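The structure under discussion appears below in the form of C-alpha cells.
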C-alpha cells in the first residue's frame, strides 16, 4: 500500500476510534491519551482536552505535518476538497461551468493580472537608436515578436526601483533568430529620465514589466 493511502487509512481509523472512544469514556472516566504512531512520528490525542470541540480536535490533527498531510489527502480523495496549492486542483477547475461564481472570480483575477496571471519583471537590454528611428518620449520600440509589443510597460532600474518610466511599446523592429538585438529602444529624453544620462556606448541594463495589455 502506498504511503499516502496508508496515512489516509490511518487518519480515518484514528477519527473513528476517537469518536467511539470518547463516547465510551463517559463524563466521569479518567483522562485517556490516544497515541497514533507512524514510523518515528507520534500524534497524541488527549480525550479530555483535544476532544473539547471540533475546532480543537482539527487543530490537533493539523498541528503535525504528517497527520495534516494524511487528513488533507483524505479530504481530497473522499470529498474532492483540495488545498489551494495542490496542482491537481487545476484539472478540477476545467469542470467549472463558465457562468459559475468561481469562474467569474478566476476571470477577474486573470483580467487584473493578479496571482498566477501577474506579469513578472525581467532583465532587458536598453538602447537609443539613431535619431531618425527614435520613438517619441513616452513610447518605445521593441522586437515585434517579443512579449512587449503593443503593451504598456514599465521600465525601471532594479537597484533603484524608484527610477522608472512608463512607455507605450508601439514601435517595432524585426529580431531574426541568431542575431543580437536590444529588448527596448528609448528616446534620448526617456533615457535621461531613467538613467540620468544618454551617452550609451551600446546597451544599458534595466528591468521591464508589462502593466497593461
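When you look at residue 191, is it buried (at least 18 other Cβ atoms within 10 Å of the Cβ), modelled with pLDDT of 95 or more and over 19 Å from residue 133 (Cα atoms), yes or no? The answer is no for residue 191.
Taking the stretch 79-183 as the region of interest, the strands (runs of 3 or more DSSP E) fully inside it that hold 1 or more residues being under 15 Å from residue 212 (Cβ atoms) and assigned by TED's automatic domain parsing to the domain that holds residue 194 are 139-143, 152-157, 160-173.
Test residue 159 against the criterion of being under 25 Å from residue 183 (Cβ atoms) and exposed (fewer than 12 other Cβ atoms within 10 Å of the Cβ), and give yes or no. It is true that residue 159 is under 25 Å from residue 183 (Cβ atoms) and exposed (fewer than 12 other Cβ atoms within 10 Å of the Cβ). Counting only residues that are touching a helix residue (DSSP H, G or I) at 6+ places or on another chain (Cβ under 8 Å) and either at pLDDT below 95 or closer than 13 Å to residue 182 by Cα (or both), the stretch 141-156 holds 1 of them. One residue alone among 126, 133 is surrounded by 15 or more Cβ atoms within 10 Å (Cβ to Cβ) and modelled with pLDDT of 90 or more, and that residue is 126.
The values are calculated or read from the model by the stated rules, or taken from the named source; none is laboratory data. In this text, all values refer to a predicted model and were calculated from it rather than measured experimentally. Cβ sites come from the backbone with ideal geometry, for glycine too, and all protein chains shown count toward neighbours.
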